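Enquirer: One structure, pasted below without further comment.
The values are calculated or read from the model by the stated rules, or taken from the named source; none is laboratory data. Computed from a predicted model, the values in this text were never measured in an experiment. Every residue, glycine among them, receives a Cβ derived from its backbone with ideal geometry; neighbour counts consider all protein chains shown.
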Amino acid sequence: MFYNWKAIIFGFCFVIVFVGFSCVRKVYSDDRMQIDPSFLNIFNSVTKKGSFSFRDSNNNRKAFIITNIDSVISNQKGWFINEAPYKLLIMKFREVGPDTTQLERMNEIFVNKDPAANRNSLCIQFNNFYYSGDSLPSLNYDPLYVNGKIITGYYFFKTSLDLKHSNDVKELYISAGKGFLGFKTSSGEFWSNEE
């Protein structure tokens with residue numbers, strides 16, 4: 001019987017290195033696990049109320065309720081294959097009312113911290129709108145007129161997805177202090193926050 005000893009030794013060494021790496025994974029300090037304040041401000045501004053609603057130019061209303069807010073921290077050594085350290089804050093919400101959007105994915109927003117790369121990220125899924133990035137768009141101070149309201153001091157997010165429905169969200173406006181300010185659907189309809 002013939003054995004390929006080089007392959008067996010290589011495979012054995014690979015397993016030892018893999019197991020060894022997973023056992024010595026670094027535990028990060030609390031400072032390194034902190035989410036950047038600019039990302040955290042956006043998340044907190046959206047989650048500060050239990051619900052939010054919007055109106056269009058025809059006075060139609062879309063209302064949303066927050067269904068879950070959660071935080072997850074993974075930052076410990078494991079004995080075998082453990083997950084990478086991270087910190088995650090997530091909010092899930094749903095549209096209520098008779099005229100809801102058919103969703104391709106859940107409505108949620110989350111901020112994440114990867115301490116190994118020292119990187120923050122933001123993900124927004126809002127009525128088939130999708131944004132994910134490691135950096136925030138620049139803060140926009142140019143006035144935007146939406147349904148008789150003037151919006152300034154906002155982040156402008158635009159989805160890169162091909163949208164299927166006329167009421168899918170194409171553009172989203174968020175303030176770090178006031179949360180969702182408004183959005184524009186793929187049909188071109190502007191909706192502004194009722195506040």
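Enquirer: In segment 121-145, how many are in contact with a Gly (Cβ under 9 Å, 6 or more places away or on another chain) and exposed (fewer than 12 other Cβ atoms within 10 Å of the Cβ)? Give the steps one after another, and end with the answer.
Expert: Restricting attention to segment 121-145, the residues satisfying the condition of being in contact with a Gly (Cβ under 9 Å, 6 or more places away or on another chain) are 121-123, 139-141, 144.
Right, trim to exposed (fewer than 12 other Cβ atoms within 10 Å of the Cβ) and you get 141.
So the count comes out to 1.
Enquirer: Which of (1) of a type in the set (S, T, N, Q); (2) farther than 24 Å from residue 161 by Cβ; (3) in contact with a strand residue (DSSP E or B) (Cβ under 7 Å, 6 or more places away or on another chain) does residue 76 not meet, given it meets every other one?
Expert: Of everything listed in (1) of a type in the set (S, T, N, Q); (2) farther than 24 Å from residue 161 by Cβ; (3) in contact with a strand residue (DSSP E or B) (Cβ under 7 Å, 6 or more places away or on another chain), residue 76 misses just condition (3).
Enquirer: Pick out the one residue from 154, 131, 145, 141 that is of a type in the set (Ser, Thr, Tyr) and either closer than 21 Å to residue 95 by Cα or touching a His at 6+ places or on another chain (Cβ under 8 Å) (or both). Talk me through it step by step, then tell me what you get.
Expert: Numbers: 154 fails: either closer than 21 Å to residue 95 by Cα or touching a His at 6+ places or on another chain (Cβ under 8 Å) (or both); 145 fails: either closer than 21 Å to residue 95 by Cα or touching a His at 6+ places or on another chain (Cβ under 8 Å) (or both); 141 fails: either closer than 21 Å to residue 95 by Cα or touching a His at 6+ places or on another chain (Cβ under 8 Å) (or both).
Checking each option against the conditions leaves just 131.
Enquirer: Looking at (1) free of Cβ contacts under 8 Å to residues at least 24 places away in the same chain; (2) over 14 Å from the mean Cα position of the chain (by Cα); (3) crowded, with 19+ Cβ neighbours inside 10 Å, which is the one condition that is false for residue 151?
Expert: (1)
Enquirer: So which residues in segment 27-75 are farther than 30 Å from residue 191 by Cα, surrounded by 11 or more Cβ atoms within 10 Å (Cβ to Cβ), modelled with pLDDT under 90 and of a type outside the set (Gly, Ala, Ser)?
Expert: Those that are farther than 30 Å from residue 191 by Cα, surrounded by 11 or more Cβ atoms within 10 Å (Cβ to Cβ), modelled with pLDDT under 90 and of a type outside the set (Gly, Ala, Ser): 27, 28, 32, 33, 72, 73, 75.
Enquirer: So residue 101 clears everything in (1) of a type in the set (S, T, N, Q); (2) part of a strand (DSSP E or B); (3) in contact with an Asp or Glu (Cβ under 9 Å, 6 or more places away or on another chain) except one condition, right? Which one?
Expert: (2)
Enquirer: Assuming residue 164 fulfils every condition listed in (1) assigned to a loop (DSSP other than H, G, I, E, B); (2) in contact with a Ser or Thr (Cβ under 9 Å, 6 or more places away or on another chain); (3) modelled with pLDDT of 90 or more; (4) surrounded by fewer than 16 Cβ atoms within 10 Å (Cβ to Cβ) apart from one, which condition is it?
Expert: (3)
Enquirer: Within segment 99-116, identify whether any single residue is at pLDDT 95 or above, among the hydroxyl-bearing types (Ser, Thr, Tyr) and within 21 Å of the chain's Cα centre (by Cα), and answer yes or no.
Expert: No, there is no match, as no residue in segment 99-116 is at pLDDT 95 or above, among the hydroxyl-bearing types (Ser, Thr, Tyr) and within 21 Å of the chain's Cα centre (by Cα).
Conditions (1) of a type in the set (Val, Ile, Thr); (2) touching a Phe, Trp or Tyr at 6+ places or on another chain (Cβ under 9 Å); (3) more than 22 Å from residue 166 (Cβ to Cβ), marked per residue:
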{"site": "38", "(1), (2), (3)": "no, no, yes"}
{"site": "43", "(1), (2), (3)": "no, yes, yes"}
{"site": "54", "(1), (2), (3)": "no, yes, no"}
{"site": "63", "(1), (2), (3)": "no, yes, no"}
{"site": "71", "(1), (2), (3)": "no, no, yes"}
{"site": "84", "(1), (2), (3)": "no, no, yes"}
{"site": "88", "(1), (2), (3)": "no, yes, yes"}
{"site": "103", "(1), (2), (3)": "no, no, no"}
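Enquirer: Scan segment 29-74 for residues that are farther than 12 Å from residue 91 by Cβ and in contact with an Asp or Glu (Cβ under 9 Å, 6 or more places away or on another chain) and report the count.
Expert: 11
Enquirer: Here's a follow-up. Show the residue pairs meeting these rules: Cβ distance below 6 Å; 6+ apart or different chains; first residue within segment 121-140 and aromatic (Phe, Trp, Tyr); second residue part of a loop (DSSP other than H, G, I, E, B).
Expert: Close Cβ pairs satisfying both conditions: 126/107; 129/159; 130/159; 130/161.
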